[in-house]
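Colleague: After the structure tokens below, expect a handful of questions from me.
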Amino acid sequence: MNGAKTLSPERTAGIKVFKNTDFSDCPILTEEELKKMRPKHPEYFRPLKKAVQIRLDADVLAWFKGYGKGYQSRINAVLRDVMLRTTQGQA
């Protein structure tokens, strides 16, 4: 994960046996609230990727490529933003 350190087996075991957690003050979320939730750290959100072939206007592609490496990820991010706004009734 982007250079993140992995936990040692000992640390993982310690976390699993930790029992001093009180969730009594945590709200119970409705199904609707759960559906609206998005990752706090999207860099750890790894949706399944599919290879597709699309046709883009040359100037649009040039604009995305003009920002350097990662233009496909930027195109995906723009499409995801539009998708989320549409599904949340914000478009």
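Every number here is computed from the coordinates shown, using simple stated rules; none is lab data. These numbers come from a predicted model, not from an experiment. Don't worry about glycine lacking a Cβ; one is built from the backbone with ideal geometry, like all the others, and counts go over all protein chains shown.
Colleague: With runs of 4+ DSSP H residues as the only contributors, calculate the mean residue ellipticity of the chain at 222 nm using -39,500 (n - 2.57) per run, divided by the residue total and rounded to the nearest 500. Working shown, then result.
Modeller: Numbers: 4 runs with 40 residues, N = 91.
Taken over the chain, the calculation gives -13000 deg cm²/dmol.
Colleague: By how many nm would the segment from A58 to T12 lengthen if fully extended, with 0.36 nm per residue of separation less the alpha-carbon distance? Mind showing how you got there, number by number?
Modeller: Numbers: separation 46, 0.36 × 46 = 16.56 nm, distance 5.00 nm.
In short, 11.6 nm is gained.
Colleague: Could I ask something else about it? Ranked highest first by average number of other Cβ atoms within 10 Å, how do 71-80, 28-37 line up?
Modeller: Values: 71-80: 12.5, 28-37: 8.8.
Descending mean neighbour count gives 71-80, 28-37.
Colleague: Can I ask one more? Hey, any idea what the orientation-averaged projected area of the convex hull of segment 9-87's Cα atoms comes to, in nm²? Mind showing how you got there, number by number?
Modeller: Working: hull surface 38.9 nm².
For segment 9-87, averaging the hull's shadow over all directions gives 9.7 nm².
Colleague: Beyond a 27 Å Cα-Cα separation, which of these cross-linked pairs lie in this structure: K16/K50; K35/K69; K49/K69? Show your work: numbers first, answer last.
Modeller: Values: K16/K50 35 Å; K35/K69 33 Å; K49/K69 18 Å.
The pairs that break the limit, which is 27 Å between Cα atoms, are K16/K50; K35/K69.
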